[in-house]
Amino acid sequence: MKLKHSFFTRRQFLNGLLGGWAGAFLASFLYPALKFCFPPTREPDQVVLPFSDFEDMEPGSVRNFSWGTKPGMLKKRADGSYQAFVAVCTHLDCNVVYLPDKKKFFCACHDGWYDENGVNIGGPPPNPLRQLSVKREGEELIITKKSVE
Amino acid sequence: MKTGIRSWLDERLGISSIAGFLRKKMVPQHRHSLWYYTGSAILLFFAIQVVTGFMLAFYYKPTLEGANQSVARIMTEVPLGWIIRSIHSWSASFMIAFVFIHLLSIWIAKSYRRPREFTWMSGVFLLVFTLASGFTGYLLPWDDLSLSATKVGTDIPRSVPFVGVWVTKFLRGGEDVTGDTLTRFFSFHVSILPLLIFAFIAVHVYLIQKLGMSLPLSVESKKEKVKELPFWPNFIYREMVVWLLLFGILMTLAIFFPPSLEKTADLMAPAPEGLRPEWYFLFLFQTLKIFPPKILFINGDTIAVLLMFAAAILLFFLPIIDNKPAEKKGKVITFFAYVFIVFAVTMTVWSLL
Amino acid sequence: MIRGKKPAPVFLLLLVFFLAFFSGYDLAQQETPEEQSQAAQAEKEQEKIVSSPKNIKESTGLYVFVGWIWLAVFVLVFFLRLKIKEVDRLNRLGYFSNKKK
């Protein structure tokens, strides 16, 4: 029975309180459950490689390394310096390959093309290949995430 | 608006007939009504097992190399993984505890009397499936304790003449416990047993709805009409109170007393000391222990296992055996329920000393 | 089962059973010594992985979470009891007999 001056009946009030608290109770389990189902990405902050594995590279060639669970590519430029990419296509995450005769990176999934510096030049990729910083420290190569200059 | 949606759904799904039935279903109220809550408590814990089981299966790797490491990862790397695992472990114990309580209350109240024999029998199947789920789940972390417990547990059927050896081989996937045992147990634990449990719960719940709630003999014999409550909404709200309290207790125990993990099992290592099965198998474990190696030239273990099997068969056919529940025979059978309680508790406590 | 006052055959049966039971016992059985050196015990403890909250923030968060759960449980039980009282009252008034919403 609803009185004229009240917004809702006592029953509706009780039902509202019950439903509201029940909803809050259940919702409070949503956050931990989602956290469980979405573990943080396991990308490393840096990768340390022995320089001996890479010093015999020819200029203009590319060698693979592991960037966490993703493939990485270390490229020796013509002038002898090193460049590192995350060898994952920026279109839909397929792994790319380096074609040394064409001096281009190619993604077989949808015919994506990148030039020798990883810049996207053909096909669907919207962005260049992700670059990583390479630093030589003694007998080691330290590869880190590229920071914004 | 609510009536609009309700009638829209009802036109397509016909749910009003189920809703109508639930409103008409009555639950008797008497001094033993408290035991009526045990069934839905089991369902609550089973639902929790299914959900936490789904989540654990996201990260668990059921292989010899990956099992222990994946559980370690769940406990250390996956956000709040240790809580999900802890809830799964505790809820298993709660579910099995309530299965025993439920079984004993039905036994003592003789709710299995005609025409409810099949409800009891489907329940015995559910007991076996629940215990099997506990047993198979226990191996999955693949540490030394669970490996040894599985070796012992799967060895027990072997003492039964002729067929025992084949049961052991079937459970183990070979002569010994290996990586194949692990994958087999995983298949049982996440696929075969849950499907069987769902199927038998469906039968069990259908029979309860069809045959209605039973009354204990002491209440039935009184000629006065028993007070009844509608299942929906009166009894269901009471059940929700019970669920909430049980859930709170479960979460508190799970968060403050999480299980640990030993290092990965070594198939060649000797059995660890202090080897014990989970608490719900302790009374069987102790019973097997006290049997002598030989009784009149027959292997002691064989007799023990056969006795246990016979007890299970008797339990299954209890409604048929107890065909005169109101008479002396019926009282003796009730007495045996108490004997079983005392036996199980004594054996459990003894095994812990 | 146990009819009348004739327990003697039952006792005889139980006696036979117990004799048979203990005939297989090796009474010279020795208790397996349970020795575990301190070092081995400590090593075993270290190899265990114990789940626990990692830092003070996480453990405080857990206490808050458990506290919230119990708060919500008690609040919900309080409201449910009110609801049960209401619904029982309606039942007594015959609201639910032959009612089809």
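The values are calculated or read from the model by the stated rules, or taken from the named source; none is laboratory data. Here the structure is a predicted model, which is why all the values come from computation and not from measurement. Note that each Cβ is placed from the backbone with ideal geometry, even for glycine, and that neighbours are counted across all protein chains shown.
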### Query
How many of the residues in the range A:118-142 are among the acidic types (D, E) and either assigned to a loop (DSSP other than H, G, I, E, B) or in contact with a Gly (Cβ under 8 Å, 6 or more places away or on another chain) (or both)?
1
### Test result for B:A337, in contact (Cβ under 8 Å) with a residue 24 or more places away in the chain, more than 14 Å from every other protein chain (Cβ to nearest Cβ), surrounded by 12 or more Cβ atoms within 10 Å (Cβ to Cβ) and not in a helix (DSSP H, G or I)
no
### Query
Do the conditions hold for B:A19, that is, is it closer than 20 Å to B:I197 by Cβ, surrounded by fewer than 16 Cβ atoms within 10 Å (Cβ to Cβ) and not polar (S, T, N, Q)?
no
### One residue from B:S159, B:S191 being closer than 30 Å to B:I295 by Cα and out of contact with any Lys or Arg (no Cβ under 9 Å at 6 or more places or on another chain)
B:S159
### Failed condition for B:F256, given (1) free of Cβ contacts under 8 Å to residues at least 40 places away in the same chain; (2) surrounded by 18 or more Cβ atoms within 10 Å (Cβ to Cβ)
(2)
### Task
State which residue pairs qualify: first residue over 17 Å from B:R238 (Cα atoms) and inside the range B:35-60, second residue at pLDDT below 95 and among the charged types (D, E, K, R) in any location, beta carbons under 8 Å apart, and separation of 6 or more residues or different chains.
B:Y59/B:R73
### Query
Could you list, in sequence order, the residues of the range B:224-246 that are at the interface with chain C (Cβ under 7 Å from one of its Cβ atoms) and either among the hydroxyl-bearing types (S, T, Y) or under 26 Å from B:S91 (Cα atoms) (or both)?
B:Y237, B:R238, B:M240, B:V241, B:L244, B:L245
### Pair list, Cβ under 8 Å, 6 or more apart: the range B:264-280 residue within 14 Å of another protein chain (Cβ to nearest Cβ), other residue in a loop (DSSP other than H, G, I, E, B) and buried (at least 16 other Cβ atoms within 10 Å of the Cβ)
B:T264/B:W142; B:A265/B:W142
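The rows are residues; the columns are (1) among the basic types (K, R); (2) surrounded by 21 or more Cβ atoms within 10 Å (Cβ to Cβ); (3) within 14 Å of chain C (Cβ to nearest Cβ).
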{"position": "B:F58", "(1), (2), (3)": "no, no, no"}
{"position": "B:Q69", "(1), (2), (3)": "no, no, yes"}
{"position": "B:P79", "(1), (2), (3)": "no, no, yes"}
{"position": "B:S86", "(1), (2), (3)": "no, yes, yes"}
{"position": "B:S91", "(1), (2), (3)": "no, yes, no"}
### Query
With (1) more than 10 Å from every other protein chain (Cβ to nearest Cβ); (2) under 20 Å from B:P141 (Cβ atoms); (3) in contact (Cβ under 8 Å) with a residue 40 or more places away in the chain as the list, and B:V305 as the residue in question, which single condition is left unmet?
(2)
### Message
Here is a list: A:F7, A:F54, A:F25. Which entry is modelled with pLDDT under 90 and surrounded by 12 or more Cβ atoms within 10 Å (Cβ to Cβ)?
### Response
A:F54
### Query
What number of residues within the range A:1-34 satisfy the criterion of being away from chain C (no Cβ under 11 Å) and aliphatic (A, V, I, L, M)?
5
### Task
Return the only residue of A:C37, A:C94 being away from chain C (no Cβ under 14 Å), out of contact with any strand residue (DSSP E or B) (no Cβ under 9 Å at 6 or more places or on another chain) and modelled with pLDDT of 90 or more.
A:C37
### Message
Against the condition of a type in the set (D, E, K, R) and more than 30 Å from B:F98 (Cα to Cα), how does B:K289 come out, does it pass?
### Response
no
### Query
Here are some residues: B:F291, B:F285. Which one is touching a residue at least 12 places away in the same chain (Cβ under 8 Å) and away from chain C (no Cβ under 14 Å)?
B:F285
### Task
Just one of (1) under 23 Å from B:L182 (Cβ atoms); (2) in contact with a strand residue (DSSP E or B) (Cβ under 6 Å, 6 or more places away or on another chain) trips up B:I303, so point out which.
(1)
### Message
at the interface with another protein chain (Cβ under 10 Å from one of its Cβ atoms) and either among the hydrophobic types (A, V, I, L, M, F, W, C) or more than 30 Å from B:F257 (Cβ to Cβ) (or both): which single residue out of B:G20, B:G4 fits that description?
### Response
B:G20
### Summary
Within the range C:49-92, the count of residues that are outside any helix (DSSP H, G or I) and either touching a residue at least 60 places away in the same chain (Cβ under 8 Å) or among the charged types (D, E, K, R) (or both) comes to 1
### Task
Residues being outside any helix (DSSP H, G or I) and farther than 23 Å from B:Y237 by Cβ: count how many of those fall in the range B:1-29.
2
### Query
If you check A:D45 against the conditions, is it away from every other protein chain (no Cβ under 14 Å), in contact (Cβ under 8 Å) with a residue 60 or more places away in the chain, farther than 30 Å from A:M1 by Cβ and surrounded by fewer than 17 Cβ atoms within 10 Å (Cβ to Cβ)?
yes
### Query
In the range A:52-74, is there at least one residue being within 14 Å of chain C (Cβ to nearest Cβ), out of contact with any Leu (no Cβ under 7 Å at 6 or more places or on another chain), among the polar types (S, T, N, Q) and not in a strand (DSSP E or B)?
no
